[in-house]
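Enquirer: Let me begin by handing over the structure; questions about it come next.
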Amino acid sequence: GTKRSIPWRGWHFKVTKEGKFVPIAPGMRAPNGICISPDEDVFITDNQGSYVASGWLMHATEGDLLGHPTGLIFDKKYKEPEKIPLEELNKIRKYPAVFFPNGILGRSTGSPIFDTTGGKFGPFAGQVFCGDVTTPILFRASLEKVQGEWQGAAYPFITGNGLLAGNNRPVFDKDGVL
């Protein structure tokens with residue numbers, strides 16, 4: 001969790017070209033990846049643990065509570081966030097677009113990447129690929145926007161089959177190779 005001695009831990013933020021720090025949204029427990037969709041939406045992965053039932057892919061926008069409440073200690077709207085009842089937290093928190101079942105699709109979700117290869121990688125345009133830090137697996141997620149919110153499903157893509165260790169930061173090269 002977050003401590004007051006570690007300012008802005010667990011927050012999604014941006015730094016402007018001028019170097020200004022701009023807090024966007026609290027609520028990450030142990031985030032490990034961030035990517036921008038082809039439509040310029042921000043997606044973040046987080047890892048299973050307190051307040052995070054399983055690894056997930058979250059669409060993050062300004063003002064969201066992304067799940068883990070301890071980051072609220074830096075939000076001036078909340079005088080004593082540590083005392084907010086769980087029922088209230090559940091009303092204000094945003095839920096992930098996709099959960100990655102713990103133990104099935106890894107244990108420590110790596111960084112996501114959208115397939116923007118224009119078909120060079122196969123029939124996966126617009127889908128998200130993700131690895132796991134601890135498990136030799138690569139999985140994918142398909143997303144759709146429903147009533148303004150992203151939702152989707154995740155699928156194993158490569159399990160073992162030559163992967164010898166976890167995969168943390170997948171990238172596509174100019175030829176569409178992952």
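Enquirer: Taking region 71-113, which residues are open to solvent by less than 40 Å² (accessible area, probe 1.4 Å), of a type outside the set (A, V, I, L, M, F, W, C) and in contact with a Gly (Cβ under 8 Å, 6 or more places away or on another chain)?
Expert: The answer is GLY71, LYS94, PRO96, GLY106, SER108, THR109, GLY110, SER111, PRO112.
Enquirer: Kindly indicate which of LYS91, LYS79 is among the basic types (Lys, Arg) and assigned to a helix (DSSP H, G or I).
Expert: LYS91
Enquirer: Can you tell me which residue in region 1-54 is nearest to PHE100 (Cα to Cα), limited to those that are in a strand (DSSP E or B) and of a type in the set (D, E, K, R)?
Expert: Selected residue: ASP46.
Enquirer: Among LEU164, LEU178, which is the only one that is more than 20 Å from PRO26 (Cβ to Cβ), open to solvent by 70 Å² or more (accessible area, probe 1.4 Å) and either hydrophobic (A, V, I, L, M, F, W, C) or touching a residue at least 40 places away in the same chain (Cβ under 8 Å) (or both)?
Expert: LEU164 is the lone residue from the list that is more than 20 Å from PRO26 (Cβ to Cβ), open to solvent by 70 Å² or more (accessible area, probe 1.4 Å) and either hydrophobic (A, V, I, L, M, F, W, C) or touching a residue at least 40 places away in the same chain (Cβ under 8 Å) (or both).
Enquirer: Here's another thing I want to ask about it. For region 2-35, enumerate the residues that are open to solvent by 40 Å² or more (accessible area, probe 1.4 Å), touching a Gly at 6+ places or on another chain (Cβ under 8 Å) and touching a residue at least 60 places away in the same chain (Cβ under 8 Å).
Expert: TRP8, ARG9
Enquirer: Within region 38-70, how many residues are hydrophobic (A, V, I, L, M, F, W, C), surrounded by 16 or more Cβ atoms within 10 Å (Cβ to Cβ) and modelled with pLDDT under 90?
Expert: So the answer is 1.
The values are calculated or read from the model by the stated rules, or taken from the named source; none is laboratory data. Since the model is a prediction, treat every value here as computed from it, not as a measurement. Virtual Cβ from ideal backbone geometry, glycine too; neighbours counted across all protein chains shown. Surface accessibility is based on the protein's heavy atoms, side chains included, excluding ligands, DNA and RNA. Shrake-Rupley method; radii C 1.70, N 1.55, O 1.52, S 1.80 Å.
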